[in-house]
Amino acid sequence: MKNTKLIVGLTGGIGSGKSEACRLFAARGIVIVDADNIARDVVLPGSTALHGISLHFGEEILTTSGELDRRKLRDIIFSNPHEKKWLENLLHPIINLEIRNKLANAESPYVILASPLLLETRQFELTDRILVIDASEQLQIERASTRDRNDTAQIKAIMNTQLSRQDRCAKADDIIQNHGNLDELDEQIEKLHQRYLEMNS
Ligand code: ADP
């Protein structure tokens with residue numbers, strides 16, 4: 001039987017409240033497929049992807065315990081667009097396959113694909129609707145810096161690699177304005193949850 005379950009893509013800039021929103025959907029029994037977790041899992045020691053990466057960049061891309069040295073990899077691809085492209089060509093199909101599997105096996109009335117890069121990659125093509133968690137840039141910086149103890153410059157640098165707030169919201173079917181407290185976020189999630197349940201029935 002064809003899987004016709006509604007797939008909602010959830011995205012937002014750093015510190016916008018994606019993780020909080022996912023937690024609130026998960027509390028309602030909704031399966032969250034987390035693209036960041038999958039991206040980490042596909043390069044675990046023993047994986048084909050990690051083997052490919054170490055063949056390409058050399059063993060020095062691994063830590064002494066055989067894990068991917070993410071900082072080193074980030075430094076390489078930050079200054080070299082060709083290497084960045086090479087890495088994306090290797091990882092994106094593997095990540096997408098795993099996302100597809102997880103979405104297909106999800107056992108909840110609808111399913112959420114959470115990804116900070118949903119719209120920057122082609123992951124949005126796997127979804128039926130796009131939900132953007134939106135917050136002002138000021139709030140994003142405040143929340144992310146409190147959470148990660150990162151300085152403002154680092155957070156702004158990450159924000160610069162992501163779509164602008166305006167471009168992201170322009171692509172949304174649904175937008176949650178996360179400018180209030182957590183109770184207000186919860187109220188908005190509940191409303192959307194009910195709508196998604198209805199859409200799926
Ligand atoms: P993202 O996953 O989009 O980077 P998070 O969900 O981790 O963002 O939110 C960033 C920080 O802000 C977290 O510490 C989170 O608990 C907090 N936060 C998110 N939304 C709210 C809110 N409405 N009220 C108070 N704190 C919030």
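The values are calculated or read from the model by the stated rules, or taken from the named source; none is laboratory data. Predicted, not measured: the structure shown is a model, and the values here were computed from it. Cβ atoms come from the backbone with ideal geometry, glycine included; neighbour counts cover every protein chain shown. Quick note on the areas: whole protein, heavy atoms, side chains included, nothing else; ligands and nucleic acids left out. Shrake-Rupley method; radii C 1.70, N 1.55, O 1.52, S 1.80 Å.
In the chain, the longest principal axis of the Cα atoms and the axis of helix 152-161 are about 90 degrees apart.
Overall shape: oblate for segment 41-96, with the ratio a/c of the largest to smallest alpha carbon gyration tensor axis at 1.5 or above and b/c at least equal to a/b. Which of rounded, prolate, oblate describes the chain, given a ≥ b ≥ c as roots of the alpha-carbon gyration tensor eigenvalues and a/c under 1.5 marking rounded, otherwise prolate only if a/b is larger than b/c? The shape class here is oblate.
In the chain, taking the dipole from charged Cβ atoms about the Cα centre, the farthest positive-side position among Ile133, Leu90, Ile38 is held by Leu90. The equivalent ellipsoid of segment 108-201 has semi-axes of 25, 17, 11 Å, largest first, where each one is the square root of 5 times an eigenvalue of the Cα gyration tensor.
The GluC sites (Glu not before Pro) found in segment 51-154 that occupy coil by DSSP, while having at most 10 further C-beta atoms within 10 Å, are Glu107.
Pairs over the 19 Å Cα-Cα cut-off, from the set Lys18/Lys191; Lys5/Lys102; Lys85/Lys171: Lys85/Lys171.
Taking all protein chains as present, what is the carbon and sulfur share of the accessible area of segment 22-155, in % to the nearest whole number, probe 1.4 Å? Summing carbon and sulfur atoms, their accessible area is 51 percent of the total for segment 22-155. Rounded to the nearest 10 degrees, the inclination of helix 48-57 to the longest alpha-carbon principal axis of the chain is 50 degrees. Simple spin-label estimate for Thr48 and Asp75 gives 3.1 nm between the two label positions (7 Å along the Cα-to-Cβ direction from each Cα).
For the chain, the dipole from Cβ point charges (+1 on Lys and Arg, -1 on Asp and Glu) about the Cα centre works out to 300 debye, to the nearest 20. Placing R0 at 22 angstrom, the Cβ-Cβ distance between Thr64 and Asp41 gives a FRET efficiency of 0.55 after rounding to 0.05.
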